[in-house]
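Only one structure is covered here, and it is reproduced in the block below.
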Amino acid sequence: MQPQNPERDSASILTRGGRLSLRGRNAHWPKEPDQEVLAPLISRVAAGDAIAFNALYDRTVDRVFAVAWCIARDRSDAEDILCDTYERAWCRAHDYARGRGDVMAWLLTLCRSRAIDVVRRRRLRSRVHSSFAHREGDGAVGEATLSSHDFESGHSTCQLLSAMPRLRQQVLALAFCHDLSHQEIATELSLPIGTVKSHLRRAIAVLRSTLGLPGNGAPR
Amino acid sequence: MTKRPTDSHDLRDTLDGWLADALSRALRSEQLDQDAREALKERVLARIRDLEPFALRRPVRLASAGQPWFASEKPSVGLPARDTPTGTLRDLLYANKFKVCGNENEWVELLRSIAAGNQLALRSLYERTYRIVFTLILSITNSFETAEELTLTVFQDVWRRASTYGIASGSVLGWIMDQARSAAINRFRAGDRRHEVATLHPVFDSESLWERLAKRIVVADGGEALLPTRRDHSEPGWEEIAPGIACKLLASDEENDRVSMLVALAPGIGYPPHSHAGLEELHLLIGELWIDDRKLCPGDYHRAAAGTSDRRVWSETGCTCVLMTSPSDVLL
């Protein structure tokens, strides 16, 4: 892990003031969630417009796939999740069009909850078909930290994360990448549940404020 | 760690789409290349076409709304005159390489196994019909949760009462549809039904619904629940039998001269005028449908006795329905 002095590192990010760019290193990522473009598309999709659906897909597919992959950690599962997500988007577009919020966030939320369903089902199945010890061997829970290997180097979110105390990283990793509940994390790390919650809360608050993410008015 | 906790909702709430996005950008992940992107898009589009065969061709606005074609002297939309099929429905259905997929006997056989307590048979029947059942209930109750709940009830009833099915109850699909319909109507009928979901595909997780169903059955009967298995049933595809008319043949019963199928009409398309060789039953799932002077809305049921005929069957919005009829219907 490069940043030797986490305090200073996170401070330097924060003093840059305002919001950090969410832009990744990959050029094909849309610069920012372009709500102005996506919002009209979604209402056309709701009316059954195939061209709009194509355009929506092209603009959003990379980020949807990234979220699916990060949660499922498996190419073919991620592809299934992606298909489910867009199928749902097609079916529910008219629901969305009436609501409010950000289109990109809505899609990603669809994707995330589908991905979690898939991961849970996979876990459920492996619980029945193989022993507990077996799953530990898969690295399912045991070595759950975000190691530097997992990160795209030089990314702003990544710097933020590595500036966090190791324990907090671990809590976040268990929650996000392994979909453990608060209680499960507490058991896993032998911590009181209150500690887990406050770590998670703080980690999220830092990410939200520094990355300029919308606050609790998060899309459903 | 041995038990699935119930408090997992807190995670879904705190780690929403935005955070998932931010974290996933920071994490090293696989990426899609252009080919993979296009291939996946094709998969998505194919799935959507399977839900609604005409969905991706649906015009954004109807060219001329309001006027049914039969109001004018000459139909402005509908089947071009020279393509108008004649003969019987059978000619149309089984014309050019239309595969005879679902045989009614298979369905009856499934019910027999279910009556004998075979969960796999129930699973197979569920695979074949859950979408239709759910969509019908949804269009009547107008509530997603109620529809899920009632879908479970319907299949649980099928499980319990499979032995009561007799040939006199009509086709298996019709028998199930009747149960779904009365379950939904018994619960309530919503005033304004037109705003709800407009696709054949229920946006719910059929796997987790199956898990719930299997658990309920186990609670009621004892024994062991079957875990979700990969779907073994391959769904028959849509076939466009005439311009703007697609059919998905679910079960054919030559002995009793009966066929159960899904029929989809593209917006503005009319079904050819026909006379009924046997009882015709229709459950409208999506869209609106005119049959002569009656306008059907999603969830409506239409029944026509043998010997009668329908002159004007037409959909302005495009529609999808479950149709159980005789393949010997004569197209006029």
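Within segment A:69-77, one or more residues are under 30 Å from residue A:174 (Cβ atoms), facing another protein chain (nearest Cβ under 9 Å), out of contact with any Lys or Arg (no Cβ under 8 Å at 6 or more places or on another chain) and in a helix (DSSP H, G or I). As a summary of the residue check, residue B:203 satisfies the conditions (1) in a helix (DSSP H, G or I); (2) modelled with pLDDT under 90 except for the one numbered (1).
Within the option set A:59, A:120, A:125, being modelled with pLDDT of 85 or more and over 25 Å from residue B:142 (Cβ atoms) holds for one residue only, A:59.
In this entry, residue A:109 passes the filter for residues that are facing another protein chain (nearest Cβ under 8 Å), modelled with pLDDT of 55 or more, within 13 Å of residue B:19 (Cβ to Cβ) and in contact with a Pro (Cβ under 8 Å, 6 or more places away or on another chain). Against the numbered list (1) at pLDDT 65 or above; (2) buried (at least 17 other Cβ atoms within 10 Å of the Cβ); (3) within 24 Å of residue A:105 (Cα to Cα); (4) within 11 Å of another protein chain (Cβ to nearest Cβ), residue A:171 comes up short only at (4).
Table: residues versus (1) modelled with pLDDT of 55 or more; (2) assigned by TED's automatic domain parsing to the domain that holds residue B:164; (3) over 21 Å from the mean Cα position of the chain (by Cα).
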{"position": "B:3", "(1), (2), (3)": "no, no, yes"}
{"position": "B:18", "(1), (2), (3)": "yes, no, yes"}
{"position": "B:31", "(1), (2), (3)": "yes, no, yes"}
{"position": "B:51", "(1), (2), (3)": "yes, no, no"}
{"position": "B:115", "(1), (2), (3)": "yes, yes, yes"}
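A Cβ distance below 9 Å, combined with a sequence gap of six or more or placement on separate chains, defines the contacts here; from segment B:244-259, residues that are closer than 15 Å to residue B:175 by Cβ and not assigned by TED's automatic domain parsing to the domain that holds residue B:109 reach residues that are aromatic (Phe, Trp, Tyr) and not in a strand (DSSP E or B) in the pairs B:250/B:107; B:251/B:107; B:253/B:107. Return the residues of segment B:216-246 that are at pLDDT 80 or above, exposed (fewer than 11 other Cβ atoms within 10 Å of the Cβ) and touching an Asp or Glu at 6+ places or on another chain (Cβ under 9 Å); say none if nothing qualifies. Of everything in segment B:216-246, nothing turns out to be at pLDDT 80 or above, exposed (fewer than 11 other Cβ atoms within 10 Å of the Cβ) and touching an Asp or Glu at 6+ places or on another chain (Cβ under 9 Å).
The values are calculated or read from the model by the stated rules, or taken from the named source; none is laboratory data. Quantities reported herein were computed from a predicted structural model and do not represent experimental measurements. Glycine also receives a Cβ, built like all others from the backbone with ideal geometry; neighbour counts cover every protein chain displayed.
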